[in-house]
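Engineer: Below is a structure I'd like to ask you about.
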Amino acid sequence: MVNMDKNNNIYIKTGFAIAAFCVFLGAFASHFLKDLLNDNDLAIFDTGTKYLFYHALAIIIVSLNSRKFNQSILDLSIFLFLSGMLFFTGSLYLLSTRTIWGGDDFEWLGALTPIGGVLFISGWFMLIVKGLKNSEDKITESRAKRAKRKIRKLKRERITENKNETIFEGK
């Protein structure tokens with residue numbers, strides 16, 4: 001079994017790294033790409049950076065609150081966010097800079113953008129529908145813990161009674 005805290009620390013660090021990369025990309029665009037791209041392509045690049053940053057923050061926030069989430073759904077949602085980053089923002093970066101790298105024949109990359117969007121939406125949808133631990137689950141867990149404590153207490157009392165009977169009967 002994978003240590004949940006270790007996974008969540010990796011997710012948090014990944015979110016921090018992606019957020020830092022977003023700052024780099026923003027600076028790169030404003031200092032280097034502004035002279036190489038037209039306003040429309042700069043806006044597309046900026047959209048990619050915004051969505052990348054939003055989802056980096058989402059990964060950080062969700063991971064910091066991981067105890068409130070079903071771990072397997074959290075893992076899946078983060079995987080979907082990361083995949084969405086690759087498809088959505090990756091395709092936007094490639095499309096917006098294709099005049100620089102000579103990728104005019106790669107307009108098909110535009111088909112990857114909506115796939116990335118669907119991956120982002122799927123990650124959010126998983127968190128909405130299945131992500132939060134249900135309060136009923138918490139009540140059930142709490143009842144189960146109380147029942148286990150009661151059983152342990154009864155066992156201890158029975159052992160004590162048996163010892164007392166043994167002593168009383170002189171055995």
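Engineer: Limited to region 102-117, what total is found for residues that are buried (at least 16 other Cβ atoms within 10 Å of the Cβ) and modelled with pLDDT of 90 or more?
Structural biologist: Number satisfying all stated conditions: 3.
Engineer: Which residues, taken from region 1-37, are outside any helix (DSSP H, G or I) and in contact with a helix residue (DSSP H, G or I) (Cβ under 8 Å, 6 or more places away or on another chain)?
Structural biologist: L36, L37
Engineer: Return the total of residues in region 64-101 being free of Cβ contacts under 8 Å to residues at least 60 places away in the same chain, surrounded by 18 or more Cβ atoms within 10 Å (Cβ to Cβ) and in a loop (DSSP other than H, G, I, E, B).
Structural biologist: Summing the residues that are free of Cβ contacts under 8 Å to residues at least 60 places away in the same chain, surrounded by 18 or more Cβ atoms within 10 Å (Cβ to Cβ) and in a loop (DSSP other than H, G, I, E, B) in region 64-101 gives 0.
Engineer: Separate question: Exactly one of (1) in contact with a Lys or Arg (Cβ under 7 Å, 6 or more places away or on another chain); (2) closer than 28 Å to D39 by Cβ; (3) assigned to a helix (DSSP H, G or I) is unmet by D104. Its number?
Structural biologist: Among (1) in contact with a Lys or Arg (Cβ under 7 Å, 6 or more places away or on another chain); (2) closer than 28 Å to D39 by Cβ; (3) assigned to a helix (DSSP H, G or I), the lone unmet condition for D104 is (3).
Engineer: Hey, does region 39-60 have a residue that's surrounded by fewer than 16 Cβ atoms within 10 Å (Cβ to Cβ) and outside any helix (DSSP H, G or I)?
Structural biologist: no
Engineer: Kindly list the number of the only condition in (1) more than 30 Å from L132 (Cβ to Cβ); (2) in contact with a Phe, Trp or Tyr (Cβ under 7 Å, 6 or more places away or on another chain) that fails for F24.
Structural biologist: (2) is the only condition that F24 fails.
The values are calculated or read from the model by the stated rules, or taken from the named source; none is laboratory data. Fair warning: this is a prediction, and the values are worked out from it, not measured in the lab. Neighbour counts are summed over all protein chains in view; Cβ atoms, including those assigned to glycine, are modelled from backbone coordinates with ideal geometry.
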